Amino acid sequence: MKKLLLGSGAVLLGLVAIMIVRANTAFDDVQLAPADGLPQVALDEDAVVERFAGAIRFRTISHDDRSNFDADAFRAFHDYLRQSFPLVHDRAEITLISGYSLVFHIAGSDPALKPVLFMGHMDVVPVDEVTMAEWTHDPFGGTIADGMIWGRGTMDDKLSVMSFLEATEALLADDYEPTRSLYLAFGHDEEVGGKDGAKEAAKYLKEQGIEFEFVLDEGGIVGEGLMRGVDRPVAIIGVAEKGYVNLRLRVDAPGGHSSQPPPQTALGIVSRALVKVEDNPFPAQLTYVKQTFDAIAPYSTFSNRLAMANTWLLAPLIKSQLLADKKSAATMRTTTAATMASGSSKSNILPTRAEAVVNFRIIPGETAESVRDRVIGIIDDERVDVSMEYAIDPSPVSPTDSPGYELLARMIRGFDDNIVVAPYLVQGGTDARYFYSVSPNVYRFVMARATPDTLRRVHGIDERIPVDDYLTAIRFYHAVIRQATE
């Protein structure tokens with residue numbers, strides 16, 4: 001027995017030693033050298049900030065009910081952009097897409113080079129009337145106070161629209177002549193799916209035979225305090241985004257009076273189907289968690305490295321811990337959310353039709369069709385009809401060794417070499433998903449710092465951005481656009 005215990009102890013010690021060695025050797029530092037000699041731009045800071053505040057005052061709202069679309073607000077915003085950025089409008093060829101989205105093209109001197117595309121969207125989400133009183137400042141007032149610019153769209157996503165235009169205007173004011181052609185594209189309906197704006201813009205560019213060196217849209221940020229065990233700010237660049245599908249579960253039944261019910265009503269059958277779906281979540285994977293972690297590992301805690309370097313042994317434990325947090329869980333699997341249900345119109349009437357809607361955010365590797373097939377198999381009840389609504393498959397995954405990704409990473413670190421850059425999977429949807437038809441190199445990043453509190457305010461109460469962050473964004477895009485097009 002003593003020999004057995006000694007042998008087991010030796011094996012355990014050996015195993016621990018292997019895990020420690022792997023934690024210290026498995027991860028290379030893949031951070032790129034910061035770009036140096038970045039071009040500087042002189043800004044009239046007060047004028048720049050006031051222009052941005054002015055943009056927030058336009059109620060370019062996207063509503064789920066498209067009959068509430070305010071065309072005049074978008075036309076007025078177009079006029080405001082024309083007045084604010086005369087050099088861009090004089091120099092660029094401008095194409096109007098679906099009446100309200102904009103594509104700017106500034107031709108470079110070498111047509112043999114693939115152009116670059118920078119994207120944003122002009123529309124914003126509504127502000128719930130019941131929350132108006134909770135805002136510190138009018139959400140459409142464009143208030144500048146306490147070192148902040150306040151209002152809906154300051155982060156999502158008039159920040160991108162205005163900083164791209166400010167950067168391009170400044171370049172043209174310095175008589176800059178691009179070698180590589182530059183495109184700017186601003187959608188008008190991203191918040192409701194982008195089908196009339198970005199999707200049509202991508203179709204238009206594809207029809208022109210254009211292939212881009214890279215595309216940059218919103219999606220990632222410079223996170224502070226967002227990644228456990230990493231003290232440095234982490235700039236996350238989205239290289240892919242999840243898909244989206246609503247599945248409608250429907251059961252039809254004869255109905256009748258509730259005093260004489262069948263063993264299962266239509267609503268009961270739908271309810272049982274929902275329970276089955278929720279009790280059988282999609283399998284979790286570490287693919288995208290590990291892709292992000294591999295980039296930040298040398299700057300993470302030893303305990304994090306110990307776990308992620310030994311997934312061959314600790315994967316079940318890692319998954320269990322990450323799945324306990326809804327944010328990290330969403331990066332690991334296709335998520336399931338039962339969101340809507342309906343039965344009869346009165347409590348004493350048996351429903352002749354019961355329905356429920358389940359929303360799935362689909363991880364790359366799955367499709368809307370494969371999600372539907374899996375759900376049908378889980379429910380395993382022919383009485384339940386399962387139909388797809390509003391299906392969008394996950395995007396392809398863009399490479400991290402392309403010139404476009406490496407340019408962004410080097411430029412981010414050129415502005416602050418304390419920042420660690422990492423690829424990640426965007427959990428929500430952006431207009432970028434439509435542009436893989438014109439480039440395999442589609443990235444999602446906004447040069448803005450964000451804390452957990454900042455992220456809660458996007459689409460929420462008191463959305464705002466520090467003035468210094470907005471000015472940094474302009475200077476960053478000025479440098480990136482120049483480097484990308486010279």
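The values are calculated or read from the model by the stated rules, or taken from the named source; none is laboratory data. Quick caveat, the model's predicted, so the values are computed rather than measured. Don't worry about glycine lacking a Cβ; one is built from the backbone with ideal geometry, like all the others, and counts go over all protein chains shown. Quick note on the areas: whole protein, heavy atoms, side chains included, nothing else; ligands and nucleic acids left out. Shrake-Rupley method; radii C 1.70, N 1.55, O 1.52, S 1.80 Å.
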Exercise for review: Please name all residue pairs, on different chains or six or more residues apart, with Cβ atoms under 6 Å, provided the first residue is in the stretch 410-426 and is within 20 Å of S398 (Cβ to Cβ) and the second residue is of a type in the set (S, T, Y) and open to solvent by less than 40 Å² (accessible area, probe 1.4 Å).
Suggested key: A422/T292; Y424/T292; L425/Y288; L425/T331
Check your understanding: Would you call I474 crowded, with 18+ Cβ neighbours inside 10 Å and either more than 26 Å from L172 (Cα to Cα) or of a type in the set (K, R) (or both)?
Key -> no
**Study point:** Breaking point among (1) closer than 26 Å to S300 by Cβ; (2) modelled with pLDDT of 95 or more; (3) under 21 Å from the mean Cα position of the chain (by Cα), for R456
**Key:** (2)
Exercise for review: Pairs only if they're at least six apart or on different chains, beta carbon under 7 angstrom, first in the stretch 339-366 and in contact (Cβ under 8 Å) with a residue 24 or more places away in the chain and over 30 Å from G243 (Cβ atoms), second surrounded by 19 or more Cβ atoms within 10 Å (Cβ to Cβ) and of a type outside the set (G, A, S); list them, first residue then second.
Suggested key: S344/L350; S344/P351; L350/T265; P351/T265; P351/L267
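With the requirement that a residue be among the hydroxyl-bearing types (S, T, Y) and open to solvent by 40 Å² or more (accessible area, probe 1.4 Å), what does the stretch 388-412 give you?
Y390, T400
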Review point. Do any residues in the stretch 74-95 that are over 20 Å from A47 (Cα atoms) and touching a residue at least 24 places away in the same chain (Cβ under 8 Å) have Cβ atoms under 7 Å from those of residues that are of a type in the set (A, V, I, L, M) and open to solvent by less than 40 Å² (accessible area, probe 1.4 Å), where the two are at least six apart or on different chains, and which pairs are they?
Key: F74/M122; R91/I106; R91/L172; A92/I106; T95/V103
Study note, to complete from the structure: If we ask which residues in the stretch 144-166 are over 24 Å from Y477 (Cα atoms) and touching a residue at least 40 places away in the same chain (Cβ under 8 Å), their number turns out to be 0
Check your understanding: Among V384, V467, which is surrounded by 16 or more Cβ atoms within 10 Å (Cβ to Cβ), of a type in the set (V, I, T) and more than 30 Å from F360 (Cα to Cα)?
Key -> V467
Review point. Looking at (1) farther than 30 Å from F445 by Cβ; (2) in contact with a helix residue (DSSP H, G or I) (Cβ under 6 Å, 6 or more places away or on another chain), which is the only condition K346 fails?
Key: (2)
Point to revise | the stretch 68-103: number of residues that are farther than 23 Å from E50 by Cα and among the hydrophobic types (A, V, I, L, M, F, W, C) | key: 7
Practice item. For E389, state whether it is in contact (Cβ under 8 Å) with a residue 24 or more places away in the chain and more than 22 Å from D157 (Cβ to Cβ). Key: yes
Practice item. Among the residues of the stretch 286-314, count how many are among the hydrophobic types (A, V, I, L, M, F, W, C) and within 20 Å of A17 (Cβ to Cβ). Key: 9
Revision key, fill the gap. The residue that is surrounded by the fewest Cβ atoms within 10 Å (Cβ to Cβ), considering only those in the stretch 76-91 that are of a type in the set (A, V, I, L, M) and more than 15 Å from H105 (Cα to Cα), is A76
Study note, to complete from the structure: Of (1) out of contact with any Phe, Trp or Tyr (no Cβ under 9 Å at 6 or more places or on another chain); (2) part of a helix (DSSP H, G or I); (3) touching a residue at least 60 places away in the same chain (Cβ under 8 Å); (4) farther than 25 Å from L117 by Cα, D64 satisfies every one except (2)
Review point. (1) of a type in the set (D, E, K, R); (2) open to solvent by 40 Å² or more (accessible area, probe 1.4 Å); (3) within 30 Å of T287 (Cα to Cα); (4) in contact with a strand residue (DSSP E or B) (Cβ under 6 Å, 6 or more places away or on another chain): which one isn't true of R444, the others all being true?
Key: (2)
Practice item. Please find, within the stretch 175-188, the residue that is nearest to the chain's Cα centre (by Cα) out of those that are touching a residue at least 24 places away in the same chain (Cβ under 8 Å) and open to solvent by 30 Å² or more (accessible area, probe 1.4 Å). Key: R180
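Residue-wise test of (1) among the acidic types (D, E); (2) in contact with a strand residue (DSSP E or B) (Cβ under 8 Å, 6 or more places away or on another chain); (3) over 28 Å from D196 (Cβ atoms).
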position	(1), (2), (3)
L96	no, yes, no
H105	no, yes, no
M122	no, yes, no
D128	yes, no, no
M132	no, no, yes
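Could you tell me which of the residues G153, G108, G141 is on the phi > 0 side of the Ramachandran plot, of a type in the set (G, A, S) and either out of contact with any helix residue (DSSP H, G or I) (no Cβ under 8 Å at 6 or more places or on another chain) or not in a strand (DSSP E or B) (or both)?
Step by step, each of G153, G108, G141 is checked, and only G153 is on the phi > 0 side of the Ramachandran plot, of a type in the set (G, A, S) and either out of contact with any helix residue (DSSP H, G or I) (no Cβ under 8 Å at 6 or more places or on another chain) or not in a strand (DSSP E or B) (or both).
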**Study point:** Members of the stretch 115-132 found to be open to solvent by 50 Å² or more (accessible area, probe 1.4 Å) and within 25 Å of the chain's Cα centre (by Cα), listed by number
**Key:** P126, D128
